[in-house]
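No lab work stands behind these numbers, since they all come straight from the coordinates. These figures come from a predicted structure and were not determined experimentally. Using ideal geometry, Cβ is built from the backbone for each residue, glycine included, and neighbour counts are taken over all protein chains shown.
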Amino acid sequence: MPTSTFYHLPEAKRKKLTDAIRQELLRVPYEEISINQIIQKAEIPRGSFYQYFSDKDDMIRMILGDMIQKMEEIVKDSLIRHNGNPFALVQDIFALLCRVSSQTDLCLLYRNLLSGMKIREDGAARFPLLPCQEKLDRLITHLDLSLWDLRKKEDAFDCADILISLLKSSVVELFAEPERKAEIAASFQNKIAILRRGMDPKQEESAC
């Protein structure tokens, strides 16, 4: 998150910098975000930027602060309402992001952030609204693991990783093509249903 120096800026100067950052995030995809463009619009020295933020991702987390807080509230609420059901949790997160995708500015902002990110390259892990490994480790302690067929110690983390990977790929697809929201949402729900029932009708352990 931003340094204390950022929060000690005069309100008008902080707003001008924040507006410049948001305009840049709306202007270009994640990979093309220009710090130079931001400091020129905010009319601050380049050195000052790094007194406020440690890096580009730190800056983005600040802009998405309200949304990150909302996501944390959704996670807590879902865990309570569904008694730690991991399937319900990812469905609640996806539902929130579906609502976000209907808001023009936010949709464009997230589309730019997710542009070009590949799940196989773990690019979507940079998306601050989705759980990173550290958060995933903490999250598992609040899940009802009896809903998973766990056969060894590592299974809980692997099951969580499978669900999060499915969520990530669906979110990337959602913001890349918001006009296909209904189709993407239906596919996401179907994949969750398949995971819940299992793909092997004989329920045999893999030989690998």
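Rank by packing, highest mean first: peptides 34-44, 1-11, with packing defined as the count of other Cβ atoms within 10 Å averaged across residues.
Packing order, densest peptide first, comes out as 34-44, 1-11.
Could you give the spread of the C-alpha atoms of segment 4-62 along their three principal axes, from largest to smallest, in whole angstroms?
30, 19, 18
Express the Stokes-Einstein translational diffusion coefficient of the chain in µm² s⁻¹, to the nearest whole number, given a Kirkwood radius over alpha-carbon pairs, 20 °C and a viscosity of 1.002 mPa s.
It comes out at roughly 114 µm²/s.
Could you give the angle, 0 to 90 degrees to the nearest 10, between helix 86-100's Cα long axis and the longest principal axis of the Cα atoms of the chain?
The two axes meet at around 40 degrees.
Round to the nearest 0.05 the FRET efficiency obtained for Asp158 and Ala95 when R0 = 25 Å and r is the Cβ-Cβ distance.
For R0 = 25 Å, the calculated efficiency reads 0.50.
Give the angle, between 0 and 90 degrees and rounded to the nearest 10, that separates the Cα long axis of helix 104-114 from the longest principal axis of the Cα atoms of the chain.
Tilt relative to the chain: about 80 degrees.
Work out from phi, with θ = phi - 60° and the Karplus expression 6.51 cos²θ - 1.76 cosθ + 1.60, the ³J(HN,Hα) of each residue of segment 183-199, listed in order in whole Hz, and give x for Gly and Pro.
5, 5, 5, 5, 5, 4, 5, 5, 5, 4, 4, 5, 4, 5, 8, x, 8
Once label points are set 7 Å from the Cα along Cα→Cβ at both Asn85 and Glu11, what is their separation, rounded to one decimal in nm?
4.5 nm
Which of Lys16/Lys168; Lys76/Lys181; Lys15/Lys76; Lys70/Lys168; Lys76/Lys191 have a Cα-Cα distance over 28 Å?
Violating the 28 Å limit, Cα to Cα: Lys16/Lys168; Lys15/Lys76.
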